[in-house]
1. Considering every residue within segment 34-52, establish whether at least one is touching a residue at least 60 places away in the same chain (Cβ under 8 Å), part of a helix (DSSP H, G or I) and not assigned by TED's automatic domain parsing to the domain that holds V114.
2. So S76 ticks every box in (1) closer than 27 Å to L113 by Cβ; (2) surrounded by fewer than 14 Cβ atoms within 10 Å (Cβ to Cβ) but one. Which box is left unticked?
3. Do you know which residues across segment 90-109 are closer than 22 Å to M24 by Cβ and either surrounded by fewer than 16 Cβ atoms within 10 Å (Cβ to Cβ) or in contact with a His (Cβ under 7 Å, 6 or more places away or on another chain) (or both)?
4. Answer yes or no as to whether Y68 is touching a residue at least 40 places away in the same chain (Cβ under 8 Å) and among the aromatic types (F, W, Y).
5. I'd like to verify a number: residues in segment 69-102 that are more than 12 Å from S52 (Cα to Cα) and β-branched (V, I, T), how many?
6. Are any of the residues in segment 4-25 surrounded by fewer than 17 Cβ atoms within 10 Å (Cβ to Cβ) and part of a strand (DSSP E or B)?
Amino acid sequence: MVALSTTEAEYIAAVEAGKEIIWMRQFMGELGYPPSTSSTLLMDNQSAISVSKNPEHHGRMKHLDMRYFWLRRAVSKGILTPVYVATEEQAADALTKALRPQLLHKCCSLMGLVR
């Protein structure tokens with residue numbers, strides 16, 4: 001799918017991450033460890049977080065396929081809680097971007113790859 005904005009791209013990525021979280025919650029439940037609280041969905045785009053929390057905040061997102069809007073229901077039901085992560089704290093950037101050596105070292109530390 002081609003996203004028309006950064007918000008769309010981040011929202012679609014959040015939907016995919018949310019699906020993985022839901023699968024893990026169900027899997028842990030089958031193992032006898034049902035989740036007792038909502039699961040945290042870390043996102044670095046505040047606009048995408050706003051879209052996931054507020055059904056009326058859809059303006060330019062209404063053209064998206066309906067399958068992407070289940071994230072709003074999961075958030076409203078308390079299954080997922082979107083939380084903002086500052087760009088400087090985004091460990092996954094080491095896997096997706098070219099970074100300065102200092103920032104790469106910090107991301108590797110956040111992932112537990114550096115002592």
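The values are calculated or read from the model by the stated rules, or taken from the named source; none is laboratory data. None of these values were measured; they are calculated from a predicted model. Backbone-built Cβ (ideal geometry, glycine too); neighbour counts: all protein chains shown.
1. No, because not a single residue in segment 34-52 is touching a residue at least 60 places away in the same chain (Cβ under 8 Å), part of a helix (DSSP H, G or I) and not assigned by TED's automatic domain parsing to the domain that holds V114.
2. (1)
3. Going residue by residue through segment 90-109, those that are closer than 22 Å to M24 by Cβ are 90-92, 95-96.
Correct list: A92, L95, T96.
4. Considered against the rule, which asks whether it is touching a residue at least 40 places away in the same chain (Cβ under 8 Å) and among the aromatic types (F, W, Y), Y68 comes out as yes.
5. Number of matching residues: 4.
6. Within segment 4-25, not a single residue is surrounded by fewer than 17 Cβ atoms within 10 Å (Cβ to Cβ) and part of a strand (DSSP E or B).
Matching residues to (1) at pLDDT 85 or above; (2) closer than 16 Å to A9 by Cβ; (3) assigned to a loop (DSSP other than H, G, I, E, B); (4) of a type in the set (F, W, Y):
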{"residue": "L64", "(1), (2), (3), (4)": "no, yes, yes, no"}
{"residue": "W70", "(1), (2), (3), (4)": "yes, no, no, yes"}
{"residue": "V75", "(1), (2), (3), (4)": "yes, no, no, no"}
{"residue": "G78", "(1), (2), (3), (4)": "yes, no, yes, no"}
{"residue": "V83", "(1), (2), (3), (4)": "yes, no, no, no"}
{"residue": "E88", "(1), (2), (3), (4)": "no, no, no, no"}
{"residue": "A94", "(1), (2), (3), (4)": "yes, no, no, no"}
{"residue": "A98", "(1), (2), (3), (4)": "yes, no, yes, no"}
